[in-house]
Amino acid sequence: GQCIPFKPWVRLFVIGRFLNMFVPQLGNVWRSVELKREFAVSYTRYVTTLVALAWISTVLNLLLAAVMIAVLSPEYQLFGVHAWGLLVAGLVLICAAPFAGSRLVPLVGERARRFQEVLEVSLELAADIKCLVQVLALSLLVFVGGSIALWCCFEMIDAPAQLIEVALFF
């Protein structure tokens, strides 16, 4: 795939996030139009990549939280079950879902073709080590930043939370 230079990508990202604050998904729509106009990225490729990156980012966030809890407080439980175990179970389900779904592709029709395309792009991105490292680094920064923001929010409402609770909430 085509690599968007850093400066234009930052502009696309910042303006897109700004627009999303006012109208949900407006920034994503604007970004897709700009990517098509400036870099000839098709709408389908943009949406497919957006979904694939969301899937990979979710997997990485679950993995980070599971490792963090397993290392810092392996005995921590939710509903009588070890929290890290619940996260690992969720991780397995989320990782397996696209592959299980791809088995159903012949049964579903046109929508299945789109699903298959998202799966293929997800696998392409996961196999691209440079991309995966970048997504992992960004996911780590977002995880840390989001956790700090949540911790501050809990503190502001006088509901202190442990680090692992913030990770679970995130």
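The values are calculated or read from the model by the stated rules, or taken from the named source; none is laboratory data. The structure presented is a predicted model; accordingly, all values stated were derived computationally and were not measured. Note: ideal-geometry Cβ built from the backbone for every residue, glycine included; neighbour counts use all protein chains shown. The accessibility values were calculated without ligands, DNA or RNA, using every heavy atom of the protein model including side chains. Shrake-Rupley method; radii C 1.70, N 1.55, O 1.52, S 1.80 Å.
Report summary: the helix-based calculation at 222 nm, which adds -39500 (n - 2.57) for every DSSP H run with n ≥ 4 and divides by the residues of the chain, gives -27500 deg cm²/dmol.
Rounded to the nearest Hz, the phi-derived 3J(HN,Hα) couplings of region 140-147 under the Karplus curve 6.51 cos²θ - 1.76 cosθ + 1.60 (θ = phi - 60°) are 5, 4, 5, 4, 5, x, x, 5, where x marks glycine and proline. Between A149 and V47, the simple label model (points 7 Å from Cα in the Cβ direction) yields a spacing of 2.6 nm. Taking only protein heavy atoms and a 1.4 Å probe, the accessible area of region 20-143 is 73% carbon and sulfur. Relative to the Cα centre, the charge distribution of the chain, modelled as +1 at Lys and Arg Cβ and -1 at Asp and Glu Cβ, gives a dipole magnitude of about 720 debye.
Under a 5 Å amide H cut-off, with hydrogens placed 1.01 Å from N, V41 pairs with K36 among residues at least 5 apart or on other chains. Computed from backbone phi with θ = phi - 60° and the Karplus coefficients 6.51, -1.76 and 1.60, the 3J(HN,Hα) list for region 69-81 is 5, 4, 7, 7, 7, x, 7, 4, 10, 10, 6, x, 10 Hz; x is used for glycine and proline.
Rounded, prolate or oblate: which one fits the chain, using the alpha carbon gyration tensor with axes a ≥ b ≥ c (rounded when a/c is under 1.5, else prolate when a/b beats b/c, else oblate)? Oblate, because a/c is 1.5 or more while a/b does not exceed b/c. Each of H82, I129, T49 was placed along the dipole of the chain (beta-carbon charges, centred on the mean Cα), and the one lying farthest toward the positive end is T49. For a paramagnetic label modelled on C3 (point 7 Å from Cα along Cα→Cβ), amide N atoms under 11 Å away belong, within region 111-151, to 130-131. Remark on L78: its backbone amide H falls under 5 Å from those of A83, a criterion applied only to residues 5 or more positions apart or on other chains, H modelled at 1.01 Å from N.
Assuming R0 = 22 Å, can you tell me the calculated FRET efficiency for the pair E117 and A54, based on Cβ-Cβ distance, to the nearest 0.05?
The pair E117/A54 has a calculated efficiency of 0.90.
Each principal axis of the Cα cloud of region 8-89 was evaluated for its coordinate range; sorted largest first, these ranges are 52, 25, 21 Å. Accessible surface computed residue by residue for the chain, with neighbouring protein chains in place and a 1.4 Å probe, gives 65 Å² per residue.
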